[in-house]
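Q: Mind looking over this structure? Questions follow.
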Amino acid sequence: QVQLVESGGGLVQAGGSLRLSCVVSGRTFSGYAMYWFRQAPGKEREFVAAINWRDGSIYYVDSMKGRVTISRDIGKNTVYLQMNSLKPEDTAVYYCAARRGLSWRYTEGAMDYWGKGTLVTVSS
């Protein structure tokens, strides 16, 4: 049974930082890319960042480049999202997802597996 379990969300002041974690289990993810999405209240789920599990190649949404860093620790089966200089508009539920294949996809429907999300709240 594939599981993606996020953690690390919480309340932070504007300008602060958080590191989200996503522990994956239940299969080998070497042929997968791991993604972070977010969904703000009343908005659609949107792509944030992605990393190829095997070679570590990375892709970011333009709006968050320079403020987020995605990484993975293969030995710990964990994907991370480091977020800095947080703004109130970053408030959202952040989801970890996985998609089989080496080409990037940025839509919710393209993912094969999802976690349940972790809430990030940024106060002004």
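Q: For a protection proxy built on the mean count of beta-carbon atoms within 10 angstrom, sort 46-57, 62-73 highest first, please.
A: Final packing ranking: 46-57, 62-73.
Q: Which whole-Hz ³J(HN,Hα) couplings does segment 55-62 yield from phi under the Karplus relation 6.51 cos²θ - 1.76 cosθ + 1.60, θ = phi - 60°, glycine and proline marked x?
A: 10, x, 5, 9, 9, 10, 5, 4
Q: If we sort 79-87, 37-45, 96-104 on the protection proxy, mean other Cβ atoms within 10 Å, highest first, what's the order?
A: My ranking of the peptides, most packed first, is 79-87, 96-104, 37-45.
Q: Now for a different question. Got a sec to turn the phi values of segment 105-110 into Karplus ³J(HN,Hα) couplings, 6.51 cos²θ - 1.76 cosθ + 1.60 with θ = phi - 60°, whole Hz, x for Gly and Pro?
A: Per residue, the Karplus-derived 3J(HN,Hα) values read 9, 10, 10, 4, x, 7 Hz.
Q: Net charge near Val122: determine it from the other residues with C-beta under 13 Å of the C-beta of Val122, scoring Lys and Arg +1 and Asp and Glu -1.
A: Cβ neighbours under 13 Å give a net charge of +1.
Q: Rg(Cα) of segment 45-124 divided by 2.2 N^0.38 Å?
A: This ratio for segment 45-124 stands at 1.10.
Q: Separate question: About the Cα centre, and with charges only on the beta carbon of Lys, Arg (+1) and Asp, Glu (-1), how big is the dipole of the chain? Nearest 20 debye, please.
A: 200 debye
Q: What is the gain in length, in nm to one decimal, between Ser57 and Ala40 on full extension, counting 0.36 nm per residue of separation less the C-alpha to C-alpha distance?
A: Taking 0.36 nm per residue and subtracting the Cα distance, the gain is 3.5 nm.
Every number in this text was worked out from the coordinates using simple rules, so none of it is lab data. Everything quoted here is computed from the prediction, not taken from an experiment. All Cβ positions, even for glycine, are placed from backbone atoms using ideal geometry, and neighbour counts span all protein chains on display.
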